[in-house]
Structure formats: C-alpha cells, structure tokens
Amino acid sequence: MKYTTVIIFSLFCLLSVSAQDELSLHFLPDNITTSRTNPAMLPEKNMVAGLPNIGFNLYHSSGNFNDIFVENENGGLDLNFGKWISQLSETNQLNINLEAETIRFFMRRGKFGLNINHEMRFQSFFEYPDTYVKLVGEGNAQYIGQQVNIGPDIQQNAFHAIGVGLSYEWNDKMVLAVRPKILFGIGNASTIRKKATISTAEAYYQTTVSTDYQLNSTGIVNYNNEGFDFNFESLDRGFSSNTGFSLDFGVQLKPIEKLAINISIVDAFAKINWKKNARIYESKTTNTFDGVNIDFSKILQGDSLNFSNAADTINFDNLFDFTARDASYSTELPSRVYFSAAFQLTDRFSLHGLFYNERFRDQNRQAYSLGVQAQLHKIFNIGLNYAYRFDEATNVGLNTTFRFGPLQLFAATDNIIHAFQPLEADNVNGRIGLNLIF
Amino acid sequence: MKRYLPVIYLIIITIQLLLLSSCQKLDKLDDLSATDVDAEYAIPLFSTDFKMGEILENFDENSSVFFDENGSAILRYQGDFTSSGSRDIFDVLSVVNNIPIPLMDTVSALPFVAPNGVMLDYAILKTGGFRYVFSSEHEEPITVSVSIPSMTKNGEIFSHTLGTTAYSGTIPVAGGLLSPLDLSGYTLDIPQDSIYVEFSAFRENSGFADTLAGFAVIFNDVTASFIQGYLGNQVFEFDRDTIEIDFFENWTEGTLRFEDPTINFMVDNSFGFPVRSSINVLDIISVNDRIFPLSSPFIANGIDFAYPQPDEVGCVKQTFFSFDNENSNLVELLSAVPKAVDYDIDGLTNPDGNTAIRGFMTDSSLLSVQVEVVLPVFGAVSNYNVFDTIKIDRFDFDVDFEQYGAINYAEFKLYSESDIPLDIDLQLLFADQNEQVIDSLFTDLTPIVKAAEVNSEGNTIAPTIHTVLSRVTEGRFERIREEARFLFLRVRFATPEDGMRSVRVTADQGAKIGMGVKVGVIK
C-alpha cells in the first residue's frame, strides 16, 4: 500500500513538471489509452479500467529552456537574449499541452464497446514574431524607419472533457467508433485580432504604436492599470457553465490478418462557449510618443523643463490603450488526424507507420513516424520509432509497456533523448499511466 | 503483484530524479535577469513645435505683435498716452476776476489785456458773476441801470436795473448789487481788447437822468466754454517717458539691422490753432546703456500737428508722423541693439506767431500724444548671441535600461525642421544645482537649425531639415542624469549668407525641434 500511494503521488507530481502528439503512444499494443488517438483502437480484453495517466507536450520552435535561461553566478536565472535571438525565425511558436486523464473505462459486449473517460486538458499556443524578442534584446535602433510587428498570438484553453465512446465491430476486418465529448471550460485566453506594430521614426526616434488587437479572456489574462497580468490561479476551477463539444471518430481496417490500417479524427468540431468571467480586451488605435512635449514659448518666459511625464507616455500599455468589456465568446480547439498502418512481421515484432496532421486556426502541422514494436517478454513490450515532427528530423521515440498481472504500466515519448531532460529539448512529449485489465 | 511494486516505484523515482534539476530551474523563473544583451535602444526625449507668431507674442511683456496682410511680424512698443488740456489758456480770462473796476464815465471801455500775447475775439462764458456798486450824491431815490453791450445772449445785451430808496437825509448814498448776476451762456465780444460797460441813474423825484458820484463793476469766476482769437505762444507740456524694449534683453553680441523701423508720433488735437512739436529728448538707449540721440531735421524744425478749422469745432484732427530711415538715422541707431527709447516732447501753439490765424478752443479741447516704436521683423542679423539659463528637473525618463544591462554610451540626436530664415547655433552646457558646469552636449557652438531658403525679398521659399549628433559615454550620461539641474544655453542667430541677407519673419513660419537618444546597452 505504501508503494501504491507513492506511485500515484509521484505520477501526479510529474504533471507539475512538464507537458503529446501521441505518435509513439499510437503504436502501443493492446492498450486502451491508444484509443485517445483513435477510438477504434481497442484492447483485446473485454473490460479495462484506465487509472490516471498524464501526458505532456512541449514545443518551442526557437530554442530549448536551457538555451534561453542560464544560471548566473548568484544562483538565479538569466534570460540569454543572444542565444534566444540566434535561434529565432520570423514567426515562432511555444506550445504547451498538459493532459491528465483521471479515469477511463472500457467494456465490450458482443460487437459493441463502450468507452468512457474523463480528462483535464491545458492547451497553450503562443506565437510571437522574432521582433517581439529582438526589440528587447537588441533594441529598436536597428528598426529605425521600419514598421515592426510585435503582436503575439495567444491561444490558451483549459477544460474538462467527458467522453462517451461507442464502437462496433462490423466484422473481423473493420471496427468503427465514435466518441462525442462534452467539454467544460475552465479558462481561456485567445487573440482574435493580432495586429500590433511599432515603428521608430528616423527624425528623433518618435515611437508609433498601431494596433488592431483583440484578446478574449476569462481570467487567465487580466488587464489593469499596470498592463496585462497572467493569473493561472484562475484555472483552479471545477466544472462551469462554459460548455462545449467535440467529436472523435475512428475506424480500424484489417484487410489481411497481419495488417491493420487505422484512420481517425480527434477533437473534430471542437468548440467551447465562454460565458463565465468572459471579457474582451480591444485596442484599435495609433499612438505616437514624441517625447516630452515642451512649450517653447513658456520656456522663453522662464518655465523650467520637466521630463517626468515621459514615464507614463512611453509605457507600451498606455500606447496600446486597451478597452475592456464583458461579453461571451467561443473558441475552437485544435483537431487531429491520425492515419497509420501496422504490420505484424513475426510473433514478436511489428512495423508501424503513421501520418499525423494537426489543424488549428487554419494552420496545419504534420508529423510522420516509422517504428517497430517488440514483445520481448510476456510482461514487457517496447517500441522504437523515428519521427519527423514539425520540421524537425531528430526525434527518436520510445514506448514501453509492463504488464504485472492485471496492472499495465506504460510510458511513451516521441523524443527519448530529451524525455528526461525536457529543459534541454525544444520539442518533447510523453505520456505515462496505468491501466487495470480484467 | 506486490513483488512488482518496488520495481515500478524505482522506475518512477528515477524519472523524477532525472527531472529534478528541471524543477529547480523552473522555480527560479520568478527572479529573472538578462544576459548576452548587446542592444541599442532609440527613444524620443522631447519635442517642441512652434510658430513664430506664438513665440513673438509671448517673447516680451511690453510689446504687441501685429502681422500685416502678408503675415509679416511687426513688434510694436508703445509709450504712455500723454495729453494736455485747455485749462492754461482759459486762464487768460481770469484777469478780470475779483477786481473792482471803477467806471469813470457812463459809457466806459474796460481794457482787457490777456497775458502771453493772447488776443481774444470773443468768448462764450461758461460761468461768471457780475456785481456792481455805486455812490449817489442825490438827495432822493434813484434807479440805476447798467448794461454791457459787449455781452449778449440770444441777441439781447446784458443789462440790469436796480431801484433804491436808501436816501435817509445824509449823502452820499451807497448802493449796489451784491449778489452776482449769472453770466453763463453770454457771449463776450472783446473788440480792441476792451469790454464796453454803460450805466445810468434816474432821479425818481426829479424825474430825469443824472450821473453818479461813483460806479464800479466786479466780475468773478469768469470762465469760458469757447474762446476765439489769437491765442498766443503757449506750451503744452507732456511728461517725459521711456519705452522699454526687452526683446533683446538676453543679447550679448552680434550685429543687427532692421530694414524698416519707425518711431511714430500719434497726435490727436482738437485745439483750433497751430501746434508744433518741440522735441526736447528723443534718444535710443542701447543694451550696453549707451545713449544715442536721434538725429532728424524734424527734431529741430518740429512737426506741425493738424488742427480743426473754425467750422470744425469739436472735431479731433489726427497727425501721424514717423521717424524712419528716410528722415532720420534710426536704422543706424537701432543697429546698436536697443533696450529703450527715451523721449520728452512739448507742443508749441502758434509757433509762427501769425496773429492773422484766429484760432479757437473749447473747454474740452485736448492735445494728446503717443509715441510708439515699430520694429518690423524684417532685417538681418549676424553673430547675434543670446545666453539663457533654463532650470530643469531631473532627467528622469523612467526607462530603466539597467534592467537589461550596463549603458556604455548615449548618442543624442537633435532634429530640426524649420521654415524660419534663421541659422541657429547652440552651445549647451549642463550645470549642477550650484550652477557649476559638469558637462556639455555641444562643447562649441553647433548648428542645430539651418535657415530656410529665402528669395530676393527675404521671404521663405523652402523649409530645411537638419540633424546633429552628440555622443556621450556612460559615465557622463549618468552624471548628467543624476546631477544636471540647469541648462546653460548660448544661442547664436544669423540670417543667411552670414547675416548679409535680410529676411522677413512671418507669423506662420515655424519650426519643429526634437531630441532623441540612442542608448547602447551591453551585458
């Protein structure tokens, strides 16, 4: 009992550490958790209970944590602008996904299967232009005479999802499954319009900020006199009136005995309507900071020069000039498509191939993976795969399953090199969990 | 199952240990600083945007700024309004007041000799009283009649009759009118400087006219509302006055030339006779306290003021006279850079002594003079230096560059966009609270504004843009930020072509001047 408590506690601790395209997870054999990627991929046993499992995904297009943050001589952290800037592209993304599935239950009766689960998900998508960093790290002098984009794109969602899946084994060559999910929004921050530019004039460096920016938030991001502030404590909420819906659909085909073809779409039509604490922040303005304006004629009459007002006017938040209002809104969530094939080479080895596409805000990201699974022992299965993910070719994934009686412990990552050193990785994911198989 | 739990535990603990360093690092994100920064930030510091119209209107306290139909600026400094009334001249009538005038005959011509050569033709009395006394040797009541043929009102001669029954057995009998008769409104003709008075006595018992032993008349409080005649050589004295010109109070050196300056005399006159100026003092006082008397033939010869003709009683005639570069050495004197104009003026009546000019005046006649100095801002200036001290608050822009790194330089940029036809050079020194110079932005006079292009008439035809850079090191920048409390400015103005080209300043000419700074930060 002592160990069981420690294990469960430790699993939850992992959640606090980090954040899955689930490519490697997709290849796990005989595991109910793989139904996350395709509801038609079902375990062999007729009854399986999924205990908590946790997945994370961290992706930063422009450097890993340790590149950007370095320890200084005082034991603190320094933001290393030089290294960060050297890895920036014109557009950069920081994506963090945390998923904690609290429970899952699968039961098969005849050709029908019932698959119920609950999970909590936090999705964060942050896209920023390189100038967003360069303006600070290199200064704005390099952009004199230019109009520079500084508008970040933020999409953050935290929500509960309860899924009820239904599968049907059409025959021994085809399984169909559908899993509608009801979503309960916890918190959101999302940009609708994201135009924000800053320009520095050649004359005497007058600074002009031009915006057409809209940020919707339910409290993750608040705006006050001092500007924007993140409030992640607002995510400490249960079920709310912010409801939504999504749909998973999957099919598994076995045209021949040793070949399985899996096609799925996950989180199709996913949308959440935000009502509780929903506010809309808008800025549509053009403001120029000219420096302290001096009334020359008054100076001639003996007035003193006073620069103290410069402080307020040069504050970017003032230049943005945001207005706020209460209003409900809705957000869409990313949808994913998995298309894979598995070929059983021998009793112990199988080969896998996968195409993955994620679509969000009219943008698609693809990943490709090839892998091999080996049943090395009756209690131990391991898989190795290589993936080309999001324009990166250095992804060697690993998954493994231990089977101890009814207890099934599994772990999967798409980048084993950095799975245990997420701060050294700019693209890392993983999932670990337990299932009970009856 | 139980036998596998330690293995599972060990796997998870291993994973956690591997992640432990990551956890610790993340905790430090709250206290983040920056490194590997090599940045250059450019921010605007201040800007000013002005029109010459606004500047000139606020430049000094004493001037008024006007703009002609072309928008050309004109500085106008006016002296006090000074005037002189008719009281002095009217005093000539007082020679008849309160003096008993004995009449030697029943018809007498009382002599009227006004001072200062005044020869009155007639006067319309505003106030006045008339009394008379007599003595009678007649042993009976008499009736006394008196009339003044020189004094008429509504066509009727002034007259008065007084009956007496005072004889009581002793002679002579004294009598008379002790309460004065009101003479206001009467017209007093004074031909040949005489006032004709007649009297008679009628013996009531005897029934015939007779003479009196003595008769005297007394006028009192005789004043006039109108007089006409030759009013002699009088002097209207006006107060001495000084017109302050503080436009150049900060001037230190350089040359200055106004193209069309004037000193104007504006005279209002309702006296109906000739008046000529008598300019006792008309000096230009320079900013160096040197005194330059204005030289002009009109100072010696005087300026004749216009006056109303006899059929223009009550009219005010205006005279506008200008000392300018045609009739005086004003342009030359103003090149000494004026700070004041000192003047003392009188007015002389009938300066030519022509007694044939019979003038007039009323009790409300007035002669007023106002002097003004008019300086059209049209001219040339070279090496014109001005010093000024501006008190400043701390250079606190509240942009904490140090949070990103150490400042290693600051490069100031002064930008100007001007359509004012003036070159402006600036030397700017920073001084601490004890007014001790601690640093400078421009060590020497440095061009900061280039004169706008002008045509042959001195009018701006194209604006100019000019920038100048000044770099200071981190140490100097910090000291300026921390200690500077005063700016010592030396500004040098010059019109194009080293001050040889005259230019015209107009209300809508202006300049935009801004200063920005590039700050280099390294960490």
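For region B:344-478, the Stokes-Einstein estimate of translational diffusion at 25 °C and a viscosity of 0.890 mPa s comes to 115 µm²/s, using the Kirkwood hydrodynamic radius over alpha-carbon pairs.
Rg/Rh for region B:264-394 stands at 1.14; both radii use Cα atoms, and Rh follows the Kirkwood definition.
In this label model, B:Leu489 and B:Val281 are separated by 3.5 nm, measuring between points 7 Å along each Cα→Cβ vector. Computed over neighbours whose Cβ is under 14 Å from that of A:Phe380, the net charge equals +2, Lys and Arg +1, Asp and Glu -1. Computed extension gain for A:Thr285 through A:Arg359, at 0.36 nm per residue and net of the alpha carbon distance, reaches 23.5 nm. Rg and Dmax of chain B, based on Cα coordinates, read 44.2, 178 Å. Summing Cβ point charges (Lys, Arg +1; Asp, Glu -1) relative to the Cα centre of chain A gives a dipole of roughly 2400 debye. The three principal axes of the Cα atoms in chain A give end-to-end lengths of 96, 46, 45 Å, sorted in falling order. Note that region B:103-230 shows a convex hull volume over its alpha carbon atoms of 105 Å³ per residue. Charges were assigned to the Cβ only: +1 to each Lys and Arg, -1 to each Asp and Glu. The resulting dipole of region B:103-230 about its Cα centre is roughly 320 debye.
Shielding of A:203-214 by partners, i.e. mean partner chain Cβ atoms within 10 Å per residue?
4
When both region B:97-151 and region B:294-350 are represented by their alpha-carbon centers, they are found 45 Å apart. Inter-label distance, A:Phe404 to A:Asn171: 4.3 nm, where each label sits 7 Å from its Cα along the C-beta direction. Length gained on full extension, B:Ala216 to B:Phe320: 32.3 nm, using 0.36 nm per residue less the C-alpha separation. For chain B, the number of Lys pairs separated by eight or more positions or lying on different chains, with C-alpha atoms closer than 17 Å, is 7.
Taking a temperature of 25 °C and a viscosity of 0.890 mPa s, what whole-number D in µm²/s does Stokes-Einstein yield for the protein assembly as shown with Rh from Kirkwood over alpha carbon pairs? The calculation lands on 63 µm²/s. Taking every alpha-carbon pair under 8 Å whose residues sit at least 6 apart, chain B reaches a relative contact order of 20 percent.
Averaged over the residues of B:482-489, the number of partner chain Cβ atoms lying within 10 Å of the residue Cβ comes to 1.
Computed about its Cα centre, the charge dipole of chain B is approximately 1580 debye, with only Lys, Arg, Asp and Glu carrying charge at their Cβ.
When the charge dipole of region B:239-385 is built from unit charges on Cβ atoms (+1 for Lys and Arg, -1 for Asp and Glu) and taken about the Cα centre, the candidate among B:Val381, B:Ile303, B:Val331 whose Cα reaches farthest toward its positive end is B:Ile303.
Using the beta-carbon distance between B:Asp352 and B:Thr389 and R0 = 51 Å, what value does 1/(1 + (r/R0)^6) give for FRET efficiency, to the nearest 0.05? That pair, B:Asp352 with B:Thr389, gives E of 0.35. Considering only the other residues whose Cβ falls under 15 Å of the Cβ of B:Arg276, what net charge follows from Lys and Arg at +1 and Asp and Glu at -1? After counting each charged neighbour, the total is -3.
Cross-link partners for A:Lys378 among the aspartates and glutamates, with Cα-Cα distance under 14 Å and sequence neighbours closer than 8 places in the same chain left out: A:Asp30, A:Asp347.
For the charge dipole of chain A, defined by +1 on Lys and Arg C-beta atoms and -1 on Asp and Glu C-beta atoms about the Cα centroid, which residue among A:Leu28, A:Phe184, A:Ser89 has the Cα displaced farthest towards the positive pole? Positive-most Cα among the choices belongs to A:Leu28. Seen from B:Thr506, the other residues with C-beta closer than 10 Å to its C-beta sum to a net charge of -1, counting Lys and Arg as +1 and Asp and Glu as -1. Once the Cβ-Cβ distance of A:Ala341 and B:Asp38 is raised to the sixth power relative to R0 = 56 Å, the FRET efficiency obtained is 0.65. Summarising the label geometry, the points placed 7 Å from Cα in the beta-carbon direction at A:Leu376 and B:Asn116 lie 13.4 nm from one another. Between the listed residues A:Thr288, A:Leu51, A:Pro152, the Cα displaced farthest toward the positive end of the dipole of the protein assembly as shown, a dipole computed from Cβ unit charges relative to the Cα centre, is found at A:Leu51.
Scoring A:423-429, A:288-294 by mean Cβ neighbours within 10 Å over their residues and listing the highest first yields A:423-429, A:288-294. Placing a label point 7 Å from the Cα of B:Ser64 along the Cα-to-Cβ direction, the residues of region B:350-382 whose backbone N falls under 18 Å from that point are B:368-377.
Across region B:184-198, the residues whose backbone nitrogen lies under 19 Å from the label position 7 Å along the beta-carbon direction of B:Met104 are B:192-198. At an R0 of 41 angstrom, the distance between the Cβ atoms of A:Asn74 and A:Ser241 translates into a FRET efficiency of 0.30. Within 10 Å of the Cβ of each residue in A:326-338, the mean number of Cβ atoms contributed by other protein chains is 0.
No lab work stands behind these numbers, since they all come straight from the coordinates. This one's a predicted model, so the numbers in the text were calculated from it and none came from an experiment. Note that each Cβ is placed from the backbone with ideal geometry, even for glycine, and that neighbours are counted across all protein chains shown.
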